[in-house]
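Read through the structure below, which is laid out as C-alpha cells, and then see the notes.
The values are calculated or read from the model by the stated rules, or taken from the named source; none is laboratory data. Not measured: the values here are computed from a predicted model. With ideal geometry, Cβ positions are generated from the backbone for all residues, glycine too; neighbour counts draw on all protein chains shown.
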Amino acid sequence: MKHEVWPSQISGLIVPPPSKSIAQRAVACGMMARGETILTHFPDSDDANAALSAAQSLGAVITRQGDTVSMRGGFPLNFQSGIRNPKSIIHCGESGLTSRLFTPVAALHENEFTITGEGTLLTRPFDAFESIFPQLGASFSSTSGSLPLTIKGPLKGGEVEVDGSLSSQFVTGLLLALPRAADDSIVKVRSLVSSPYVAMTIAVAKHFGVHINLSDIGEYLIKGGQSYQAVPLEIPADWSGAAFLLVAAALCSDPFLEIGGLSQTIPQADMRILDALQAAGVKVQKTPLSYKVFRSEISAFEFDATDCPDLFPPLVALAAFANGVSSIRGVSRLHHKESNRAKVLQEEFGKANIRVVIRDDEMKIYPGYIRPAIIHSHSDHRIAMAAAVLGMAGDRMTIQLSDSVSKSYPSFFSDLAAIGAKVAKR
C-alpha cells in the first residue's frame, strides 16, 4: 500500500490514539491479576493486539467490545505458576516490547515455552536475557541471540545485573514479572537508556497494586510474592503518535491545531516533544483539556533524544524546516528499531533534498528546498508518519508501505484527512 500527501493547511481538534506502551504493560499486569481487569480506550494497533494475543496464549480469557477490553488472568493470588491451559508457543507479531515483556512473565511457569515473532522482530537482539535467566532459576536459549527463544521456569527471583544500554524493554519485562516470583529480587541496571519507559513501567505496576522501589544507589528492589489487583484503567493518549501531530501543527496549521486526550499522569518518554518544540521556538498553549500548537517560524535547535529515541523521526521532519542546522543526539538508540532508523532517515529524507549527517552519536539536519519524492517506509511506522509530515509542510510525498502505520497508529492517514490534510491512498 502507498499514500500520497500534498502541502496542506490543517486545523481543528484531534485526539491521538491511546498509548500502546501503557496498554501492553497493562495487559501483562491484568493477566497476572486475580479477577476481571477492564481496560478502556484500548488501542487497536498491531503492537497492542500482539500483547493481547500473548496474554491469551498464557491462558488469559479476553473479550473486546469496541475500545473496551475485559480480561481475566491466569495467576491466582497464592500460586505463582498459575497460568491456566497455556499454549507452548507465544507469538508476539512484530512487537519488541511484547516479546521482551512476556518472556519473563512466561518464565514464571514451569512449562517450556517458545517465544517467536515475525518480520523485523526476528532480527532484533535478545541475548541480554541469556545470562540473566539462569541466575533467577529459569533456563533460556535463543537462536544466535535472536528469536525464536526457548524458556522454562519457574523464575524464582534473586539478584541480577542487567545491561540497559541496548533497550529498557528487558528491564521492563523483569520488573513486571519478578514481583510474582517466590523470592525477593534486586535488579541492578548498567547504563540504562530510556529511563522514562522504566518509570512508566513502575507507575503502571503501582496502579495494579504492585510496588517496585528504586534505592538511593539506583537498584530496583522487588518484594517477591506480590499480587496484582484487577483494577480498571483508562489508557491515555499516546505522546509518541501525538508528536507527529504536534510537529505538523507547528509547520502547517492555520492558525493552530488542538490536540486533546494527552495526559501526564502516567509518565511517557515522548512527552519531551514539548521541550523540543520549545527549543525550536514553537508556540504551544496548554488548556485544561488540550494543547494548542500554532504555526510557527522554526528555529534551529539542539535536543538529546537518548531517552526518547522514537522522537527522532518527527524531530527530523521539524528540523527540515528550521532556519539553520539542527542537532539531535542519541543516534546509537536507532540501530535496532523496526528499521535502522538513522540510516533510513538519512537516505529517505535525502530524496527530498534534506541532508542528514551522522557522526558518532549525533545527527545534524540541514534544511533545504523540499522537492517531491518517493519515500520508502522500510515497513517502519514512524518513518511513514515522518514522511507524511514532510509532504504536508513541503511538497508531494509518495510513501511506500504506508500501511506500516498500523503498528502504532492505524487511523493516522484518515485522521490527517479529517483535520484538512491532502491525502490519497493509492
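Looking only at residues in region 174-184 that are crowded, with 24+ Cβ neighbours inside 10 Å and small (Gly, Ala, Ser), the one that is nearest to THR98 (Cα to Cα) is ALA177. Here LEU289 fulfils each of the conditions (1) more than 17 Å from the chain's Cα centre (by Cα); (2) in contact (Cβ under 8 Å) with a residue 40 or more places away in the chain; (3) within 26 Å of VAL204 (Cα to Cα) apart from (2).
Of SER377, SER327, all but one fail to be at pLDDT 95 or above, surrounded by fewer than 18 Cβ atoms within 10 Å (Cβ to Cβ) and in contact with a strand residue (DSSP E or B) (Cβ under 9 Å, 6 or more places away or on another chain); the exception is SER327. Quick one: would you say VAL231 is assigned to a loop (DSSP other than H, G, I, E, B) and not assigned by TED's automatic domain parsing to the domain that holds ALA384? For VAL231, the condition - assigned to a loop (DSSP other than H, G, I, E, B) and not assigned by TED's automatic domain parsing to the domain that holds ALA384 - is met.
VAL423 passes every criterion in (1) in a helix (DSSP H, G or I); (2) surrounded by 22 or more Cβ atoms within 10 Å (Cβ to Cβ) apart from (1). Criterion first (closer than 26 Å to ASP395 by Cβ and not in a helix (DSSP H, G or I)) does GLY281 satisfy it? So GLY281 passes the test. Considering only residues that are over 17 Å from SER227 (Cα atoms) and out of contact with any Phe, Trp or Tyr (no Cβ under 9 Å at 6 or more places or on another chain), look in region 70-94 and name the one that is modelled with the lowest pLDDT. Out of the qualifying residues, it is ASN85. Pairing each residue of region 398-426 that is at pLDDT below 95 with any residue that is aromatic (Phe, Trp, Tyr) and crowded, with 23+ Cβ neighbours inside 10 Å, provided the two are 6+ apart or on different chains, yields no C-beta distance under 6 Å. The single condition from (1) farther than 22 Å from VAL247 by Cβ; (2) touching a helix residue (DSSP H, G or I) at 6+ places or on another chain (Cβ under 9 Å); (3) surrounded by fewer than 21 Cβ atoms within 10 Å (Cβ to Cβ) that PRO7 fails is (1). For region 29-37, does any single residue satisfy the condition of being buried (at least 24 other Cβ atoms within 10 Å of the Cβ), modelled with pLDDT under 95, in a loop (DSSP other than H, G, I, E, B) and assigned by TED's automatic domain parsing to the domain that holds HIS211? Yes - at least one qualifying residue is present in region 29-37.
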